[in-house]
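Each remark here refers to the structure printed beneath this line.
The values are calculated or read from the model by the stated rules, or taken from the named source; none is laboratory data. What you see is a predicted model; the values in this text were computed from it and never measured. In this analysis, Cβ positions are derived from the backbone assuming ideal geometry, glycine residues included, and neighbour counts consider all displayed protein chains. With ligands, DNA and RNA removed, areas are computed over all heavy atoms of the protein, side chains included. Shrake-Rupley method; radii C 1.70, N 1.55, O 1.52, S 1.80 Å.
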Amino acid sequence: MPDPTSDPLASVVTLLKPEPSISKLVSGGGRWLVERRNMRSPFYCAMVEGTCRLIIRGRAPLVLEAGDFVLVPEVFDFTMSSIDPPPRGAPRLPLQTDPGMFRLGEPDAPTEVRCLVGHCTFASLDRDLLVSLLPEVIHVRAQDRLITLMQMIQEETQGDRAARDMVLRRLLELLLVEALRSVENTMAEPGLLRGLADPQLALALRQIHADPGAPLSVAGLADAAAMSRSTFFDRFRREVGTAPMEYVTAWRMAVAKDLLLRGNLAMAEIAQRVGYGSASAFSMAFSRHVGTSPGAFANERQAA
């Protein structure tokens, strides 16, 4: 559950509620190719040895080398292959050699590539909002810490130790945070990372995430950022990708949904925690933003 005093990056990752689903060690030799279609799930890969090609629909191909890490918060279609892929129509089913271990390519070819591959899910009800704040593709080089975290996830996935699920969730959160803060600021699309890279906007973003129940306004946030109102508004919209108060409202509603599903707070207390003076004012704002009342939303989700 998100800590209201945590920084923006930590609070977004926590509220995403990442859940591990697949972790495997993949090796390849000779010419090989793997395709995935219509996934809509987060995908990540750490190159332990060798070189391969990653093609994500709509983007230029990436050449991944030993030490590279790539994270795609939401991927639909992608292809991974040897640098020289096999001809179209060639058989390319992976061979499972052990639990969590797969072999690609020609069976008799020497191993040229080894990589750790994982998929996860984001259980947050506001996954679309939160994913929109992240870069579409994160590609970083020479990050031993990320490879170490993926090795720990792989080992934990294949084991059967006490508290396994909790450990996997924490490792995955650490992996996401480490990957996100490894991104070069100049390479990030408009979103949370670009906003945090701006020292003045970062002050405003931290204020929003530290206390969404505070009386937030464009003027007050501009003062916190030591900017004029118009300069702050324009720069926030350019770097973060949305207007300041639209961001505030979206974040407040994401926090409110999480509080509603906990089921242990009165409506008036939830309203106060997300910046509304009364339960009725909160209910009106929530209904306008979400399309249903807070009570109906909680009942429907708990029933589901």
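A few notes on this one:
- Failed condition for Leu193, given (1) modelled with pLDDT under 90; (2) in a helix (DSSP H, G or I); (3) farther than 20 Å from Tyr247 by Cβ: (3)
- Per-region count, the stretch 194-236, residues touching a Lys or Arg at 6+ places or on another chain (Cβ under 8 Å), over 12 Å from Pro8 (Cα atoms) and open to solvent by less than 10 Å² (accessible area, probe 1.4 Å): 1
- Meets criteria (open to solvent by 60 Å² or more (accessible area, probe 1.4 Å), closer than 22 Å to Val12 by Cβ and either not basic (Lys, Arg) or not in a helix (DSSP H, G or I) (or both)) for Glu300: no
- Residue count for the stretch 182-193, restricted to those that are open to solvent by 40 Å² or more (accessible area, probe 1.4 Å) and of a type in the set (Val, Ile, Thr): 1.
- Residue in the stretch 254-269 that is buried (at least 19 other Cβ atoms within 10 Å of the Cβ), basic (Lys, Arg), touching a residue at least 12 places away in the same chain (Cβ under 8 Å) and touching a helix residue (DSSP H, G or I) at 6+ places or on another chain (Cβ under 8 Å) present: yes
- Filtered by the rule that a residue be among the aliphatic types (A, V, I, L, M) and touching a helix residue (DSSP H, G or I) at 6+ places or on another chain (Cβ under 7 Å), the stretch 151-171 gives Met152, Ile153, Val167, Leu168, Leu171.
- Inter-residue pairs, beta-carbon under 7 Å, first closer than 11 Å to Trp251 by Cβ and in the stretch 194-214, second surrounded by 21 or more Cβ atoms within 10 Å (Cβ to Cβ) and among the charged types (D, E, K, R), 6+ apart: Pro212/Arg252
- The criterion of being touching a Gly at 6+ places or on another chain (Cβ under 9 Å), assigned to a helix (DSSP H, G or I), small (Gly, Ala, Ser) and at pLDDT 95 or above holds for Ser283.
- Within the stretch 146-155, the set of residues being within 14 Å of Glu173 (Cβ to Cβ) and touching a residue at least 24 places away in the same chain (Cβ under 8 Å) comprises Leu146, Leu149, Met150, Ile153.
- Looking only at residues of the stretch 42-69 that are assigned to a loop (DSSP other than H, G, I, E, B) and in contact (Cβ under 8 Å) with a residue 12 or more places away in the chain, we find that the one that is surrounded by the fewest Cβ atoms within 10 Å (Cβ to Cβ) is Arg57.
- Test for Pro8: is it crowded, with 19+ Cβ neighbours inside 10 Å, of a type outside the set (Gly, Ala, Ser), within 12 Å of the chain's Cα centre (by Cα) and on the phi < 0 side of the Ramachandran plot: no
- Those residues of the stretch 54-101 which are among the small types (Gly, Ala, Ser) and farther than 16 Å from Gly30 by Cβ, in sequence order: Gly58, Ala60, Ala66, Gly67, Gly89, Gly100
- In the stretch 219-247, the residues that are on the phi > 0 side of the Ramachandran plot reach residues that are part of a loop (DSSP other than H, G, I, E, B) and not hydrophobic (A, V, I, L, M, F, W, C) with C-beta atoms within less than 7 angstrom, at least six apart or across chains, in these pairs: Gly241/Pro190; Gly241/Gly191.
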